[in-house]
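For reference, the structure is listed below as structure tokens.
Values quoted throughout were computed directly from the atomic coordinates according to the rules given, and no laboratory measurement underlies them. The structure presented is a predicted model; accordingly, all values stated were derived computationally and were not measured. Here the Cβ is made from the backbone with ideal geometry for all residues, glycine too, and neighbour counts use every protein chain on show.
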Amino acid sequence: MTEHEKQHEFVSLVKTHERLILKVCSMYSSCRWGDLQDRYQEAVCALWKAYDSYRGESKISTWIYAVCRYTMINLMRQHKDGDCVVSLEDINEPAADSADNALLDELREALSKLPPQDRDLFVMWMEGFKNDEIAQVLDLKVGTVAVRLTRLKMRLRKMMKRETHGGKL
């Protein structure tokens, strides 16, 4: 494959998975450092640098998620970034009615209160990753992913119920 063909293939890959890249970047953006577009650019650069390392042992989306996640974590460490998460609203979501938007806002708020690894786990599950793919990216056992996911869903339900009903269960 020529360098031009490789670049064309990479651009196509990034365009296809742009929403996933943006989601990972937004999960690790803080109120104090940088802009979502800066994070996105860093992620795309990291993907390009690592592009030749993709061996096809996992789905390309799993590989993209892992590279972007490690890039964002490294950026946070380098810049001593805080834990204040930017809302996922910046990502273009499909049009929904106001009830759906309210529920999404409530879910985003609840997710912003979780530790990064729990956010990763839930977002990957929402994106349709299988437990074994999540385990690979997060360096966990498949059984651990299943248990954490079950507990996380229950925790989010409780958090959202409290927020919706004024703190009463």
Legend entry - Karplus-derived 3J(HN,Hα), 6.51/-1.76/1.60, for each residue of segment 119-130, Hz, glycine and proline x: 4, 4, 4, 5, 5, 4, 4, 5, 7, x, 5, 7
Inset, instruction - Determine, from the Cβ-Cβ distance of HIS4 and MET154 and an R0 of 45 Å, the FRET efficiency 1/(1 + (r/R0)^6), rounded to the nearest 0.05. - result: 0.30
Inset, instruction - May I ask you to derive the FRET efficiency for ARG77 and SER112 from their Cβ-Cβ distance with R0 = 25 Å, giving the value to the nearest 0.05? - result: 0.80
Legend entry - Estimated inter-spin distance, TRP48 and ILE60, nm [label 7 Å along Cα→Cβ]: 1.7
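Taking the highest mean first, how do the peptides 49-57, 70-78 order by number of other beta carbon atoms within 10 angstrom per residue?
Details: 49-57: 10.4, 70-78: 16.0.
So the peptides 49-57, 70-78, ranked by packing, come out 70-78, 49-57.
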